[in-house]
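Q: Here you go, one structure.
The values are calculated or read from the model by the stated rules, or taken from the named source; none is laboratory data. Just so it is clear, the structure is predicted and the values come from calculations on it, not from any experiment. Here the Cβ positions follow ideal geometry from the backbone for every residue, glycine too, while neighbour counts run over all protein chains shown. Surface accessibility is based on the protein's heavy atoms, side chains included, excluding ligands, DNA and RNA. Shrake-Rupley method; radii C 1.70, N 1.55, O 1.52, S 1.80 Å.
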Amino acid sequence: MAYIEPAPIKDEQNPFEAMMSRFHIASQILGIDDEVYNVLKTPVKQVIVSLPVTMDDGSIKVFEGFRVIHSNILGPSKGGIRFDQGVNLDEVKALAAWMTWKCAVVDIPYGGAKGGIKCNPREMSSGEIERLMRAYTLAMIEIFGPDRDIPAPDMGTGPREMAWLMDEYSRTQGMTINSVVTGKPLVLGGSLGRTEATGRGVMVSTLAAMEKLKINPYKATCAVQGFGNVGSYAALLLEERGVKVVAVSDLSGTYYNENGIDIQEAIDFRNDNNGSLEGYENAENMGGDEILTLDVDVLVPAATEDVITSHNVDKIKARLIVEGANGPTSAKADAVIAEKGIMVAPDILANAGGVTVSYFEWVQNRLGYKWTGERVNRRSDRIMKDAFDNVYKTSQEYNVSMRIAAYIVAIDKVARTYKYRGGF
Ligand code: NAD
């Protein structure tokens, strides 16, 4: 397999460096011009705003908000808004670029963007979060737009925040414009199938990869890290397809049962338990990061960034890793994964089901017409399967990993579009 030495990585935990390292390798393999390389490595727009918000106790607190548009060459930029204490410009830049590559891999007509606010939503009241979201929307009023930049939820935000964003944006325009944001509640023009879309895409990618590796789903075991939106639906849908999910985890620990976990029952437990698996009794709590190194066929990291690193990659036993999370594997771990012969369905491919159904939501809003859940699932499954097959074919053609192949597919599409459009 062709292996090109990546640019030296100074900080293994820096997601922007992780993204750039793979971008660099794929660009070299493709032999793209220096000019296009330089255009693609730099976001087209980076906006930082300060957001003064009246807190419930009457004080005024100033929050820092970000929006990075990495590329809008393929269409309006698309990407979620993250509420987290650790949000910073480098992280938002990496996530924005990943969105560009992700949309290109699944061949939907969007560029990539990402936003974030440095805050801890768990310590804020609903009123404080609403004022913050509305302030952010107003600050970004010239950035957002159904044909310019379309936000969506990410960690720490959900349909509720998207409803406030849509409302604030619509007020400034004097009419209801629901296509400015996706991931909305159903009554506001959200799409059927959006909630489970990312987990569903993870399931489709897993089954497609198992077929290539000749793993029988009915004889396979799986471990899923993270039991939020992505992890719990991925686990549930894999279980439905016959895979035995022997372990799931969240911040409270790793829950293992060699006979398989009843995923719907674990979801019900989590829903009644403030979103946590803490105290779940039908599996043994092994604690910590044990989930990553269990003896299973398939590992689905669906929690957060940089969990598979040079420090633990040699202990991984799975034959297949399907990345539900964005950036769960550090660039330094890639070489060891290749040496061990583990197949990775990379993030920009495997978790693209969410943005695909977000695209369907936007299409439905613009049509003023609602699709059935069956139509949404059928079309998104087809897109995910076609994208997997295309990346797999590219990996064979260039003799590279699935991750580098996904970057090749994406960068090639964006670079060719630049060539045609020109205008530098
Ligand atoms: P979420 O907030 O719903 O769930 C996150 C889960 O991960 C929680 O169960 C949390 O307890 C757990 N977790 C966090 N850190 C952990 C750790 N260190 N070890 C074990 N568990 C941990 O978030 P989500 O929407 O499911 O997103 C998960 C990942 O998937 C993120 O990387 C996100 O960017 C990515 N992603 C989400 C979507 C989407 O549609 N929601 C789409 C594409 C990618």
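Q: Taking region 218-234, which residues are under 16 Å from the mean Cα position of the chain (by Cα) and either of a type in the set (S, T, N, Q) or in a helix (DSSP H, G or I) (or both)?
A: Q225, N229, V230, G231, S232, Y233, A234
Q: Identify the single condition in (1) within 16 Å of the ligand (Cβ to nearest atom); (2) touching a residue at least 60 places away in the same chain (Cβ under 8 Å) that K332 does not satisfy, given that it satisfies every other one.
A: (1)
Q: Just name the residue that is farthest from the chain's Cα centre (by Cα) out of those in region 349-404 that are among the β-branched types (V, I, T) and in a loop (DSSP other than H, G, I, E, B).
A: Per the criteria, the residue is T372.
Q: Let me confirm something: among Y420, Y407, which residue is over 30 Å from K332 (Cβ atoms), assigned to a helix (DSSP H, G or I) and of a type in the set (F, W, Y)?
A: Only one candidate qualifies: Y420.
Q: So, in region 112-171, how many residues would count as being away from the ligand (no atom under 16 Å from the Cβ) and of a type in the set (S, T, N, Q)?
A: 4
Q: Within region 160-217, restricting attention to residues that are closer than 21 Å to I383 by Cβ, hydroxyl-bearing (S, T, Y) and in a helix (DSSP H, G or I), which residue is nearest to the chain's Cα centre (by Cα)?
A: T198
Q: Output the qualifying pairs, or none if there are none: Cβ atoms under 7 angstrom, residues six or more apart or on different chains, first residue in region 118-135 and assigned to a strand (DSSP E or B), second residue of a type in the set (A, V, I, L, M) and crowded, with 19+ Cβ neighbours inside 10 Å.
A: Matching pairs, first to second residue: K118/V87.
Q: I'd like to verify a number: residues in region 294-321 that are within 13 Å of the ligand (Cβ to nearest atom), hydroxyl-bearing (S, T, Y) and open to solvent by 20 Å² or more (accessible area, probe 1.4 Å), how many?
A: Selection size over region 294-321: 1.
Q: Please work out if A223 is open to solvent by less than 40 Å² (accessible area, probe 1.4 Å), touching a Leu at 6+ places or on another chain (Cβ under 6 Å) and over 27 Å from P328 (Cα atoms).
A: Against the criterion (open to solvent by less than 40 Å² (accessible area, probe 1.4 Å), touching a Leu at 6+ places or on another chain (Cβ under 6 Å) and over 27 Å from P328 (Cα atoms)), A223 does not qualify.
Q: Does region 256-267 contain any residue that is surrounded by fewer than 22 Cβ atoms within 10 Å (Cβ to Cβ), part of a strand (DSSP E or B) and modelled with pLDDT of 95 or more?
A: yes
Q: Yes or no: region 386-397 includes at least one residue that is of a type in the set (S, T, N, Q), open to solvent by 10 Å² or more (accessible area, probe 1.4 Å), closer than 24 Å to M19 by Cβ and at pLDDT below 95.
A: no
Q: To continue, here is another question. Considering only region 1-112, give the strands (runs of 3 or more DSSP E) lying wholly within it that have at least 3 residues that are assigned by TED's automatic domain parsing to the domain that holds M155, touching a residue at least 24 places away in the same chain (Cβ under 8 Å) and farther than 22 Å from T304 by Cβ.
A: Passing ranges, in order: 45-54.
Q: Looking at this structure, is Y420 in contact (Cβ under 8 Å) with a residue 40 or more places away in the chain and either under 17 Å from V39 (Cα atoms) or not hydrophobic (A, V, I, L, M, F, W, C) (or both)?
A: No.
Q: How many residues are in contact (Cβ under 8 Å) with a residue 60 or more places away in the chain, surrounded by 22 or more Cβ atoms within 10 Å (Cβ to Cβ) and more than 15 Å from L349 (Cα to Cα) if we restrict to region 190-209?
A: Residues meeting the conditions: 4.
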